[in-house]
Amino acid sequence: MASSSRIAAEPIRSETIVVPDILAHGLRVVFCGLNPGLSSAAQGRPFANPTNRFWKVIHLAGFTPLVLNPAESRRLLSYGCGLTTAVRRPTVTAGDLETREFGESAESLRARVREYAPKHIAFMGKAAYRVIERRSSIEWGEQSEPFADARAWVLPNTSGLSRFRLDALVEAYRPLHDAAFCSRRRGER
């Protein structure tokens, strides 16, 4: 028993852990988190912390027909969606990141978005987008300028620490779903 508590007490070496992107060419939407949490880093799966509402929000907003769990994250590709993060370094909370880390990661993120060419990119939280795009203030929702040729959106973070209620998160994500998946049916873009 002592050995298991010792293992649990050892810190995760965050500089060596990378939670893999879930990307493919031609996606309708790529969700861009701020950075992986320690739960995600430990499991090697995005949004692995059970308090994060990502999987429930995207289901309720219409992106997936069922609530996926982190182990099924690659199934997102079959629904035209992908995942990446602005900063690769895992932390306990995104508040543990330094502002400069978002700026330093900007070109790498732009390169990934250009390579995979999704129609839309959704920044989950204002922090990364504000620094990367060098803006002092931004509004929620679709942005006026594209990001690496993708239509850019800024949506509330789904973290359990977020002040947004579940219904407000779903309401914020639904316009992205409609723009990405419903506009083609109406003969738009």
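The values are calculated or read from the model by the stated rules, or taken from the named source; none is laboratory data. Here the structure is a predicted model, which is why all the values come from computation and not from measurement. Cβ: placed from backbone, ideal geometry, glycine included. Neighbour counts: every protein chain shown.
Under the condition of being among the β-branched types (Val, Ile, Thr) and either without any contact (Cβ under 8 Å) to a residue 40 or more places away in the chain or closer than 19 Å to ARG151 by Cβ (or both), the residues counted in segment 18-39 number 2. A residue that is among the aromatic types (Phe, Trp, Tyr), touching a residue at least 40 places away in the same chain (Cβ under 8 Å) and either outside any helix (DSSP H, G or I) or surrounded by 13 or more Cβ atoms within 10 Å (Cβ to Cβ) (or both) occurs nowhere in segment 145-166.
For segment 125-139, the criterion of a residue being over 24 Å from ALA61 (Cα atoms), part of a loop (DSSP other than H, G, I, E, B) and of a type in the set (Ser, Thr, Tyr) is satisfied by at least one position. Taken over segment 32-78, residues that are closer than 27 Å to ALA179 by Cβ and not in a helix (DSSP H, G or I) amount to 18. Restricting attention to segment 4-35, the residues being more than 18 Å from TRP153 (Cα to Cα), out of contact with any strand residue (DSSP E or B) (no Cβ under 6 Å at 6 or more places or on another chain) and modelled with pLDDT of 70 or more number 5. For segment 55-71, the tally of residues that are at negative phi, surrounded by 13 or more Cβ atoms within 10 Å (Cβ to Cβ), modelled with pLDDT of 95 or more and not aliphatic (A, V, I, L, M) stands at 5.
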